[in-house]
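Have a look at the structure below, then the notes.
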Amino acid sequence: MNIIKTQLNINVPSNNRPAYIIIHHALAPRCSIDDIHGWHLNRGFAGFGYHYFINKEGKIYRGRMETQRGSHCKQEGMNMKSIGICLEGCYQDYQGNGDKVVPDAQLEALKNLTLYLMKKYKIKQERIKKHHDFVQYKLCPGNYFPWEKYMGLVAESTDAGQIKALIKENQYYKEEIEKLQERLGGIKKKIYEIERMVEDE
Ligand SMILES: [Zn+2]
């Protein structure tokens, strides 16, 4: 996974203790991290309010340092206990825009970044949240964002998910072996019967 460094120069305190991952969309079908940086400066923020930006091609850009406080979700003190990830795109109907499809490359990059952060900060999957979970009137990251699919991709890639898959696979082979043993038993019986018949003749 490649994280592209940026020169945004954001001066905010390093008092973030990541315990959650919060997903957002930019509410803009096409934009760069520099565009959002400018918009956030205009709104009086110290600059780009998230820790990461992922464009539709799946490129990951570093925004704020992970240790720096964010400006993306003030509810429940989340700016000081989460990593904010912003996706390029407008995954809801808004001002004539509405991206109904999240490109595979973008979703794949999001999955990889999520897994990396989960491992690094020991964040459980229940603590991956939509911005909407904290601010109900916002749809962020958009009602067209395939949340279930994303959760499924993450689940099957975590250590727990992989162990589950291995157990399932193991069970499958156990059953197959039992079936073969049963068939082998039948064949042995048949051979024995044939041998008896030959002896009787
Ligand atoms: Zn948001």
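None of the figures in this text is laboratory data; all of them are computed from the coordinates on show. Not measured: the values here are computed from a predicted model. Positions of Cβ are backbone-derived with ideal geometry, glycine not excepted, and every protein chain shown enters the neighbour counts.
Brief remarks follow.
- Angle in degrees between helix 147-157 and the longest Cα principal axis of the chain, rounded to the nearest 10: 60 degrees
- The three principal axes of the C-alpha atoms in segment 160-201 carry coordinate ranges of 62, 7, 5 Å, sorted with the longest axis first.
- Rounded if a/c under 1.5, otherwise prolate or oblate - segment 58-178, Cα gyration tensor axes: prolate
- Residue pairs, from the table K81/K129; K119/K168; K81/K130; K5/K122; K74/K119, whose Cα atoms sit over 19 Å apart: K119/K168; K5/K122; K74/K119
- Crossing angle, helix 104-121 versus the chain [Cα axis fit, 0-90 degrees, rounded to tens]: 90 degrees
- Kirkwood-Stokes translational diffusion coefficient of segment 1-138, alpha-carbon pairs, 10 °C, 1.306 mPa s, µm²/s: 106 µm²/s
- Between 0 and 90 degrees, the angle of helix 159-200 with respect to the longest Cα principal axis of the chain falls at about 10 degrees.
- Spatially proximal aspartates and glutamates relative to K188 (Cα-Cα < 16 Å; intrachain offsets below 8 disregarded): E178
- Farthest toward the positive end of the dipole of the chain, out of I194, I163, N42, is the Cα of N42, where the dipole comes from beta carbon charges about the Cα centre.
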